[in-house]
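S.K.: One structure, as structure tokens, below. Some questions next.
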Amino acid sequence: MNLSRAIALALGMLLTGCQRGAPPPAPRASPTAAAPLPAPAGNRIERLELGNAVDAQGRVVLPLIRFAPHDTFHASIELRLADANPHTLEAHWFYLDTRQTVLEERKTLTGPGLRRTVFQLSKPDGWPPGQYRLELRLDGQLAQARVFEVAAATP
């Protein structure tokens, strides 16, 4: 009886000790997250579409998340700007398989109202297959991210 009581007491202390310790670390954000993040100062990205072609208004013709190796990546972005101040939109393209930055570029947009812009990226000799990520930063803060894929070339 003393042994079982000692075991129960030790288990109780162990469980209580786990609950009193420092809180566990917050989970790390997944590099594949695509949900919009809070936008700075009332400005926000309302729509992000990826595709291999855009129309004359800068809209993606056919939204894609899987591209062919020789496709050009087009990102059509609609932003809602709350004021007439100039705002900086940055596009950061990453190749996730090697954690390599492919390209970073920025544009200055003024508001207020809805604005559309397009970023594009091409590679004449073809993209390596794998996972890619586009991160959009509005005035220096991450506002939207999208993961997409390049499929292996078929013979």
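S.K.: Among the residues of segment 88-97, is any under 20 Å from ALA143 (Cβ atoms), of a type outside the set (A, V, I, L, M) and at pLDDT below 95?
M.R.: The answer is no; no qualifying residue exists.
S.K.: Residues of segment 62-72 being among the hydrophobic types (A, V, I, L, M, F, W, C) and either at pLDDT below 95 or touching an Asp or Glu at 6+ places or on another chain (Cβ under 6 Å) (or both), which ones?
M.R.: None - no residue of segment 62-72 is among the hydrophobic types (A, V, I, L, M, F, W, C) and either at pLDDT below 95 or touching an Asp or Glu at 6+ places or on another chain (Cβ under 6 Å) (or both), so the list stays empty.
S.K.: Would you check if there is a residue in segment 40-47 being surrounded by 13 or more Cβ atoms within 10 Å (Cβ to Cβ), at pLDDT below 90 and not polar (S, T, N, Q)?
M.R.: Looking for residues that are surrounded by 13 or more Cβ atoms within 10 Å (Cβ to Cβ), at pLDDT below 90 and not polar (S, T, N, Q), one finds at least one in segment 40-47, hence yes.
S.K.: Additional query: Quick one: in segment 97-124, which of the residues that are among the aliphatic types (A, V, I, L, M) and either under 21 Å from the mean Cα position of the chain (by Cα) or surrounded by 15 or more Cβ atoms within 10 Å (Cβ to Cβ) (or both) is farthest from ALA152 (Cα to Cα)?
M.R.: Ranking the candidates gives LEU109 first.
S.K.: Yes or no: segment 110-118 includes at least one residue that is within 16 Å of GLU46 (Cα to Cα), of a type in the set (S, T, N, Q) and in contact (Cβ under 8 Å) with a residue 60 or more places away in the chain.
M.R.: No, that holds for no residue.
S.K.: May I ask you to list the residues in segment 101-137 that are part of a loop (DSSP other than H, G, I, E, B) and of a type outside the set (Asp, Glu)?
M.R.: Of everything in segment 101-137, those that are part of a loop (DSSP other than H, G, I, E, B) and of a type outside the set (Asp, Glu) turn out to be GLY111, PRO112, SER122, LYS123, PRO124, GLY126, TRP127, PRO128, PRO129.
The values are calculated or read from the model by the stated rules, or taken from the named source; none is laboratory data. Computed from a predicted model, the values in this text were never measured in an experiment. Ideal geometry is used to build each Cβ from the backbone, glycine not excepted, and the neighbour counts take in all protein chains shown.
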